[in-house]
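A.B. asks: Please find one structure pasted underneath; my questions will follow.
None of the figures in this text is laboratory data; all of them are computed from the coordinates on show. These figures come from a predicted structure and were not determined experimentally. Cβ placement follows ideal geometry from the backbone for every residue including glycine, while neighbour counts extend to all protein chains displayed.
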Ligand code: P6P
């Protein structure tokens, strides 16, 4: 049961021993993310009031126009995680390559690397639609004290020790897992504390919401087109409801609470899919599975895919188990 009087800090301490590597290092890491989330939340919430909305005029490694809040959020999470001696390596959607902390602090003896999308859905900032931060945590595989290598980051999603997201919406929530279920914490902005509002979150087995950018319909694989028509037919418990915000964290979070399926297929514009495997799909898939859902790329379980490059894109389907299973029948019949 959630204990709405329990803060995130108290929850981390109370549950530290349930985490097999409990040395306190992961607790400090999650606490650092909590701190950065509060700082970014403050800026996101007043974005409409100060000249921080809009673009920097630069593009990031994704060749996407960098919004000022993207850069701000990236700097805040990077400084909080690196300057406070919390991790040994960091990779971000906003940066071409990863950062090895021991290039800054030779005595770094930390065990965890973090991959982050500091402000996902940032194209929604100017229109006041909720955006989010997504993070993924692994134990390094290279020797402690040495410089991290790309292999520390290119680990299967199954190896994650923690993953989570912050959703800067009508309320600001931090949702995360360390492999022992999914818990949600809601920020009380009046006192700046996150409170345990959602205990052991689970996907409803069966949902009736499908989320996809139907503007790409004619670019979708045939099995997606057939599944969409299945969703829209007047039969049994259908038609389902179409809901699409265009912000992965928001679309995923709504489906987690209400039940549903999120789909971002490969298209002719994005032949390998649009969403990034390492810092969007893997962390969301870890949470999805921990909440009893499923996450696939159309062929394999997302968490079993061996990454090849840091900014690798992938088709992405995740949500309620029964809805993913239904989609899989269309995939199977298409072969
Ligand atoms: P489209 C936001 O830019 C993002 O990376 C995800 O948050 C979101 O799910 C997706 O892209 C939306 O993409 O092509 O539908 O605008």
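A.B. asks: Of the numbered conditions (1) away from the ligand (no atom under 16 Å from the Cβ); (2) in contact (Cβ under 8 Å) with a residue 60 or more places away in the chain, residue 285 satisfies every one except a single condition; which is it?
C.D. replies: (1)
A.B. asks: Let me ask something additional. Kindly indicate whether any position in segment 292-299 is within 16 Å of residue 160 (Cβ to Cβ) and more than 14 Å from the chain's Cα centre (by Cα). Don't jump to the end; show me each part of the working.
C.D. replies: Filtering segment 292-299 down to residues within 16 Å of residue 160 (Cβ to Cβ) leaves 293, 295.
Cutting the leftovers down to more than 14 Å from the chain's Cα centre (by Cα) gives us 293.
Yes, segment 292-299 contains a residue that is within 16 Å of residue 160 (Cβ to Cβ) and more than 14 Å from the chain's Cα centre (by Cα).
A.B. asks: Follow-up. Limited to segment 205-254, what total is found for residues that are within 9 Å of the ligand (Cβ to nearest atom) and free of Cβ contacts under 8 Å to residues at least 40 places away in the same chain?
C.D. replies: 2
A.B. asks: Another question, if that's okay. Among (1) closer than 30 Å to residue 166 by Cα; (2) over 22 Å from the mean Cα position of the chain (by Cα), where does residue 249 come up short?
C.D. replies: (2)
A.B. asks: Scanning segment 122-160 for residues that are within 25 Å of residue 54 (Cβ to Cβ), out of contact with any helix residue (DSSP H, G or I) (no Cβ under 6 Å at 6 or more places or on another chain) and not in a helix (DSSP H, G or I), which turns out farthest from the ligand (Cβ to nearest atom)?
C.D. replies: 128
A.B. asks: Next question, about the same structure. Within segment 38-59, identify whether any single residue is under 24 Å from residue 277 (Cβ atoms) and assigned to a loop (DSSP other than H, G, I, E, B), and answer yes or no.
C.D. replies: No; the residues of segment 38-59 include none that is under 24 Å from residue 277 (Cβ atoms) and assigned to a loop (DSSP other than H, G, I, E, B).
A.B. asks: Could you please find all residues in segment 298-321 being under 24 Å from residue 226 (Cβ atoms) and surrounded by fewer than 17 Cβ atoms within 10 Å (Cβ to Cβ)?
C.D. replies: 299, 300, 301
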